[in-house]
Amino acid sequence: MTPTLRSREEVARASRRAGPFRLARQEAAGLVTSFNYAFEGIIYVVRTQRNMRWHFVAALAVLPLGVVLGVTRFELLALLLSVSFVLIAEMLNTALEKAIDVATNSFDPLARTAKDVAAGAVLVAAVNAVFVGYLVFAERLRDPSRRAIDTVKHSPVHLTVIALALVILLVIVLKARTAHGTPLYGGLPSGHAAVAYGGWVAITFAVADYRHAVLVSTLVFVMATLVAQTRVEAGVHTTTEVVLGGLLGATVTAAVFQVFS
C-alpha cells in the first residue's frame with residue numbers, strides 16, 4: 001500500500017510541476033494560431049482584392065523612394081502610418097462586405113449604404129496617403145538634397161528597417177500567390193528564413209568597417225542557418241522553401257544596401 005501511495009504522490013508532484021509548462025505550451029500554440037489567422041486574413045485580401053494588391057505595390061515603391069530621397073524619421077513615420085491606414089481600411093472594407101453578403105442574399109438599401117460608407121473610408125485613407133506623399137516628396141523631387149541622401153546612405157539602421165519591411169511584404173505577396181501552407185507554418189517561401197538571412201546581410205553591411213566584422217558576420221550567419229534548420233527539422237518547411245526564403249531575404253536586403261549605400 002505504501003509504495004502505491006508514494007507513487008501517486010510522485011505522480012501528483014510531477015503533474016503540478018508540469019502544469020505551468022503545459023499551460024505555457026498551450027498559450028504559445030494559441031498565440032501562433034492567432035498570428036496564423038491574422039496573416040491568413042492579410043493574404044486572403046491580397047489574393048482576392050485587386051485594390052489591395054495595388055496598395056501593396058505602392059507600399060513597395062514608397063519605402064525605397066523614401067530612402068533614395070533621404071526622408072527624416074518623422075517623415076518616414078508619416079509615410080508608414082499613411083500606408084498602414086490605407087491597408088487597414090481596405091481590409092475592414094473587405095471584412096464588412098463579406099459579413100453583409102453572409103447576412104443577406106437580396107438587395108437591401110441599408111446594406112448598400114454600409115458598403116458605400118466602407119468604400120468611402122478607403123477613399124479617405126487613400127487621399128490622405130496621397131497628400132502625405134506629396135508633402136514628403138514634393139520638395140525633394142524638385143530639388144533633391146545630397147546631404148539628406150548621404151545621411152540615409154550612412155544610416156544602416158534606417159536601411160535595415162526598410163529592407164526587412166520589403167522582405168516581409170514580398171513574403172506575404174508570394175504566400176498569397178502560392179496559396180500553400182499557413183503564414184507561420186509551411187508555404188513558399190519561408191518567412192523565418194527570409195527575415196533571418198535578411199538580418200544577416202544587413203548586419204554584415206552595418207559592421208563592414210569594424211575590426212571583427214568577419215567574426216560578427218559569421219556568427220550571425222550561423223544563427224540564421226540554425227533558424228532555417230529548425231524549420232526543416234520541425235517539418236514546417238521543406239528544404240526548398242527554406243532555401244528560397246533565405247535567398248529572397250538575402251537578395252532583397254543586399255540590393256537595398258548596394259543601391260543606397
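Miscellaneous remarks
- Projected label distance in nm at residue 108 and residue 49, using a 7 Å step from Cα toward the beta-carbon: 2.0
- Solvent-accessible area per residue in segment 35-77 equals 57 Å², computed with a 1.4 angstrom probe and all protein chains kept.
- Local charge for residue 96 was computed over the other residues whose Cβ lies under 14 Å away, with Lys and Arg +1 and Asp and Glu -1, and equals -2.
- Each of residue 225 and residue 119 was given a label point 7 Å from its Cα along the Cα-to-Cβ line. The distance between the two points is 5.5 nm.
The values are calculated or read from the model by the stated rules, or taken from the named source; none is laboratory data. For clarity, every value in this text was computed on a predicted model and none was experimentally measured. Every residue, glycine among them, receives a Cβ derived from its backbone with ideal geometry; neighbour counts consider all protein chains shown. For the accessible areas, the whole protein counts, side chains as well, though only heavy atoms, and no ligand, DNA or RNA atoms are used. Shrake-Rupley method; radii C 1.70, N 1.55, O 1.52, S 1.80 Å.
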